[in-house]
Structure formats: C-alpha cells, structure tokens
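The values are calculated or read from the model by the stated rules, or taken from the named source; none is laboratory data. This one's a predicted model, so the numbers in the text were calculated from it and none came from an experiment. Counting neighbours? That spans all protein chains shown, and the Cβs are built from the backbone with ideal geometry, glycine included. The area values use the complete protein model at the heavy-atom level, side chains included, leaving out ligands, DNA and RNA. Shrake-Rupley method; radii C 1.70, N 1.55, O 1.52, S 1.80 Å.
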Amino acid sequence: QVQLVESGGGLVQAGGSLRLSCAASGSIRRVNAMGWYRQAPGKQRELVATVTSGGTANYADSVKGRFTISRDNAKNTVYLQMNSLKPEDTAVYYCNALLYVSSWYRTDDYWGQGTQVTVSS
C-alpha cells in the first residue's frame, strides 16, 4: 500500500513561516517528480511548486521568492518552506508524487490527504 503522509500545517500570522513535509512510503520502485498543490475555499486546486528527481524546481508566480521546495531522495520526502506568508496563502495544501509502483516504465499519480495552512492578518 503506497501512501503520502503530510505534516507541518497550522495557523500562523502574516509574515510568518511554516514548513510542510510529505513522505512517500510503501512498495515504491522509484520516485519521479514531487510537488505541492493548494486549494482555497471556493477555488480550484492550483500548483504551488514541483521538483524533479534531479532537483529542478518550478514555482507558481504567486509564491516565487517566498516558498522553497526541496526533496530528500533517500527518504522519498519532499518539503515546502514557506516564508513571508500572506492571508491569501490560506488553503489546504496537498502533496503530489509521480511514483513508479506497478511498473519501472510508467508512473502512477498519488496524492496526500491534505494539510490546512491558515494565515491570519
């Protein structure tokens, strides 16, 4: 059974910081790209940041310069360091990973259960 387990959400004041973690576990052959998405009330889920297995990062314009994504390949874990948080960053944050599970040649798409981030003004 493959699962992504997130941690690190919470309540923080504007200008503060939080660090999210997401660990992939189970019968995983290999991990491809990992990333974070978020969904605010009444809005669609949107990309926050992704990182390839080689470490190349991609960010949404709204978080560039404030958020940093990183990963520990030995631990199958991805992190999101969030600084200078704004009230508009309030959302449920979801971890995503493309995993080689059933095959060495095809990835499967997995999601975490989500963690709430609330930024007060």
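The table for this structure:
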quantity	calculated
Net charge, residue 16 excluded, C-beta distance under 12 Å - Lys, Arg +1, Asp, Glu -1	+2
Rounded Å value of the spacing that divides the Cα centres of region 50-72 and region 1-36	13 Å
Distance (nanometres) between label positions extended 7 Å along Cα→Cβ at residue 64 and residue 52	1.8 nm
Electrostatic dipole magnitude of the chain [Cβ: Lys, Arg +1; Asp, Glu -1; Cα centre; debye, to 20]	160 debye
Per residue Cα convex hull volume in Å³ - calculated over region 20-87	102 Å³
Long-range HN-HN contacts of residue 33 with modeled amide H, under 5 Å	53, 98
Ellipsoid semi-axes in whole angstrom, largest first, where each is sqrt(5λ) of the Cα gyration tensor of region 51-118	25, 14, 10
Given the chain, longest segment not containing exposed loop trypsin sites (Lys or Arg not before Pro) (DSSP; at most 12 other Cβ within 10 Å)	65-105
Accessible surface of the chain, 1.4 Å probe, proportion on carbon and sulfur as whole %	46 percent
Taking N as its residue count, the alpha carbon Rg of the chain over 2.2 N^0.38 Å	1.04
